[in-house]
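Each reported figure results from applying straightforward, stated rules to the coordinates on display, with no laboratory input. Quick caveat: nothing in here was measured; it's all calculated off a predicted structure. Virtual Cβ from ideal backbone geometry, glycine too; neighbours counted across all protein chains shown.
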Amino acid sequence: MRYFALIIASVFILSSATAQEKQKTAKSGKSYATLVSATMQRTIPGMKGAQPSVRYDFILKWKSKQVPETFFWRGDNVWMNCLVKAYKPGKKEPGEEIGLDKVKRNTCLQLTGIPGGKFPIPEEIQNTKGQAIFFKTATSGWRYLPVTSITKKKDIIAP
């Protein structure tokens, strides 16, 4: 009898661990936002031995009535918090920084990866494969938009 109870308890614990593992993954964010474009641009420093820097910019259209809380970019060996600006299609100059609480449905946003932050990668995101924009709202948990192609802009060579 004890052996039977031990087997049942083991099965229960294993199924609970599997259920928890399923909860710890980011879900698709395609119903929240649409990725319009992704670009990267390297800046080559003029100083010998200095490392080039890379700027990542993303344009997306917010589709949800829920307000986003945060945005992150995860690329190959990169994990960055994102600066969010309002984006007006057709304008050459970037928009002004926008508070996430001001983001409404159909707002166009420009996200720029900010290097140097010390934000740990949340556990729910670690298992998600590929390059992606990650975000969350107050009620959604972590969501992601896959980034399948990034347009490379011409390098900037510093004097």
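A few points about this structure:
- Total residues in segment 63-82, condition of a type in the set (D, E, K, R) and crowded, with 20+ Cβ neighbours inside 10 Å: 1
- Members of segment 78-93 that are under 24 Å from Val67 (Cβ atoms) and not β-branched (Val, Ile, Thr): Trp79, Met80, Asn81, Cys82, Leu83, Lys85, Ala86, Tyr87, Lys88, Pro89, Lys91
- When Gly116 is tested against (1) out of contact with any strand residue (DSSP E or B) (no Cβ under 6 Å at 6 or more places or on another chain); (2) small (Gly, Ala, Ser); (3) within 19 Å of Ala26 (Cα to Cα); (4) without any contact (Cβ under 8 Å) to a residue 24 or more places away in the chain, just one condition goes unmet, and that condition is (3).
- Complete set of residues in segment 80-98 that are within 21 Å of Phe119 (Cα to Cα) and of a type in the set (D, E, K, R): Lys85, Glu97
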